[in-house]
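J.: Here you go, one structure.
The values are calculated or read from the model by the stated rules, or taken from the named source; none is laboratory data. Values in this document were obtained by computation on a predicted structure and should not be read as measured data. Neighbour counts are summed over all protein chains in view; Cβ atoms, including those assigned to glycine, are modelled from backbone coordinates with ideal geometry. Each accessible area value is taken on the protein alone, full model and side chains, heavy atoms only, with ligands, DNA and RNA left out. Shrake-Rupley method; radii C 1.70, N 1.55, O 1.52, S 1.80 Å.
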Amino acid sequence: MAQLLDCKLVAQSIKDDCKAQADALRAQGISPKLALMRVGEKGPDLSYEKGIFATAEATGIEVEVHALPADISQEDYIAEFKKVNADPTVHGILAFRPLDNIDETVAITENLSAIKDCDASTAENMGKVVLGDPTALPPCTAAAIMEVIDFYADEIKAHVAKKYKTPELAKPEQAADVCCGLDVCIINNSNVIGKPLAMMLTNRFATVSIVHHLTHSEVKNDYIKRADVVVCATPFKDSVTADMIPDDAIVIDAAVVREKAFDENGEPIMNEKTGRQKINTFGCCSADVEKKAAYKTPVPGVGAITSALLAKNLIKACKVQNGID
């Protein structure tokens, strides 16, 4: 049975650090502020917003919501977006996506200052991620996975050293970095997880492979089976099963699969507080993965770190905008 990698501990560590930095900034008369751009009242957006406010309370950052009507035109959305982007008191912006009837590339990417881009929506930020630029504001989910690896570095290094029967993963001068020499397979090819995570790992000398739904099944199995760490982030529940992963793998399930809740009679289960149908959240790994893996993140897990990374990115952006190292 896998030992669980407690993502709540990772998130709390990040929040504690953010709180200390936010307090120090306020002592200098600077209040880190995040602006949320939300169109309509979609369930996932409202749920994420609620989590962000909880993180804001824990970290001492300020959050303001720009709630726009569901039928807003692209022209009006862009006008509001530009107004928020130009506000010097706003240090970071997060625009909820997807947007219906609005071209996100035109509306967001082309109008968002890279220095306020808290979730790496701009090409400039993604370029910095590729180059390993320390001023980059990386995609929060990809960065959250890196935080898990770093937080549990000692356990991962010991586990992999035992696997290869070697006292270290890499050359002596590099052995302090858990990523160096680590073989990671990412089951995801998106701009928010697979691609940036691969670059972040490669910049720290991990050996990285990416597989996806168009990878030939035999090739996919070969890459997954040889990995020390398997990052699972497919959009389908139970799509990663125990027979796919190597014995004693370290499995990070970063997927968020939402399903409407029904009772045994097939009737919708309603949330008494919101009046909406309840939504159950799953990862993409089947239950038997936990029995085979050596270490595994729970579900929900990585998602708990994502909002903490948003606060971390915001504070970094705030410091850069105010010329603070």
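J.: When the expected Rg is taken as 2.2 N^0.38 Å, what fraction or multiple of it is the alpha-carbon Rg of the chain?
T.: Numbers: Rg = 20.4 Å, N = 325, 2.2 N^0.38 = 19.8 Å.
That ratio works out to 1.03.
J.: Additional query: Under a straight-distance cross-link criterion of Cα-Cα below 20 Å, which aspartates and glutamates are reachable from Lys8, leaving out those fewer than 8 residues away in the same chain?
T.: Hits, sequence-local ones excluded: Asp16, Asp17, Glu49, Glu57, Glu147, Asp150, Asp154, Glu155, Asp253, Glu290.
J.: On full extension of the chain, what length is gained from Ala176 through Leu46, given 0.36 nm per residue of separation minus the C-alpha to C-alpha distance?
T.: 42.7 nm
J.: What list of whole percents do you get for P(r) of segment 188-241, with Cα-Cα distances grouped in 10 Å bins up to the one holding the largest distance?
T.: Taking every Cα pair in segment 188-241, the percentages come to 22, 58, 20, 0.
J.: Right, another one. How much solvent-accessible surface does Glu290 expose, in Å² to the nearest 10, with a 1.4 Å probe and all protein chains in place?
T.: Using a 1.4 Å probe on the heavy atoms, I get roughly 60 Å².
J.: Turning to a different aspect of this structure: Per-residue ellipticity at 222 nm for the chain, helices alone: DSSP H runs ≥ 4 residues times -39500 (n - 2.57), over residue total, nearest 500 deg cm²/dmol?
T.: The helix contribution divided over the chain gives -12500 deg cm²/dmol.
J.: Mind checking the full-extension length gain between Lys8 and Ile279? Use 0.36 nm per residue of separation minus the Cα-Cα distance, one decimal, nm. Could you put the intermediate results ahead of the total?
T.: Numbers: separation 271, 0.36 × 271 = 97.56 nm, distance 2.12 nm.
So the chain would gain 95.4 nm between Lys8 and Ile279.
J.: Could you state the angle between the C-alpha long axis of helix 74-86 and the longest principal axis of the C-alpha atoms of the chain, as a value from 0 to 90 degrees rounded to the nearest 10?
T.: That works out to roughly 90 degrees.
J.: Just the C-alpha atoms of segment 215-267: what Rg/Rh do they give, with Rh taken as the Kirkwood radius?
T.: With Rg and the Kirkwood Rh in hand, the quotient comes to 1.12.
J.: Can you compute the FRET efficiency between Asn265 and Phe236 using 1/(1 + (r/R0)^6), with r the Cβ-Cβ distance and R0 = 22 Å? Round to the nearest 0.05.
T.: 0.30
J.: Let me ask another. Please check which bits of segment 267-304 a label hung off Asp248 would reach, taking the label as a point 7 Å along Cα-to-C-beta and the cut-off as backbone N under 14 Å.
T.: Within reach of a label on Asp248: 292-295.
J.: Leaving ligands, DNA and RNA out of it, work out the accessible area of Arg276 with a 1.4 Å probe and give it in Å² to the nearest 10.
T.: Approximately 100 Å² of Arg276 is accessible to the 1.4 Å probe.
J.: Starting from the Kirkwood Rh over alpha-carbon pairs, what translational D in µm² s⁻¹ does segment 8-109 have by Stokes-Einstein at 25 °C and 0.890 mPa s?
T.: For the chosen part, D equals 166 µm²/s.
J.: Rounded, prolate or oblate: which fits segment 250-325 when a ≥ b ≥ c are the square roots of the eigenvalues of the alpha-carbon gyration tensor, with rounded for a/c under 1.5 and prolate only if a/b beats b/c?
T.: Verdict is oblate for segment 250-325.
J.: Leaving ligands, DNA and RNA out of it, work out the accessible area of His216 with a 1.4 Å probe and give it in Å² to the nearest 10.
T.: Counting only protein heavy atoms, His216 exposes about 110 Å² to solvent.
J.: Accessible area, 1.4 Å probe, largest first: how do Asp154, Asp238 sort?
T.: I get Asp154, Asp238, largest accessible area first.
J.: So, one more: Before I look further, what does segment 191-307 give for accessible area per residue, probe 1.4 Å, in whole square angstrom?
T.: Roughly 53 Å² per residue, with all protein chains present.
J.: OK, next. Working from the pairwise distances between different alpha carbons, so that the mean of 1/r is found and then inverted, what is segment 72-207's Kirkwood radius in Å? Each step should come with its number before you reach the end.
T.: Details: mean 1/r = 0.0592 Å⁻¹.
Final number for the Kirkwood radius of segment 72-207 is 16.9 Å.
J.: Considering only Leu25, Asn265, His91, whose Cα is most displaced toward the positive end of the charge dipole of the chain, charges sitting on Cβ of Lys, Arg (+1) and Asp, Glu (-1)?
T.: Farthest towards the positive end: Leu25.
J.: Still on this structure: Based on DSSP, what percent of beta bridges with both residues in the chain are antiparallel, to the nearest 5?
T.: Here the antiparallel bridges make up roughly 15 percent for the chain.
J.: Based on DSSP, what percent of beta bridges with both residues in segment 157-300 are antiparallel, to the nearest 5?
T.: Percentage antiparallel, nearest 5: 25.
J.: Here's another thing I want to ask about it. When we measure straight from the Cα of Lys82, which lysines land under 30 angstrom away, once same-chain ones fewer than 8 places off are left out?
T.: Output for Lys82: Lys15, Lys19, Lys33, Lys42, Lys50, Lys116, Lys128, Lys195, Lys312, Lys316, Lys319.
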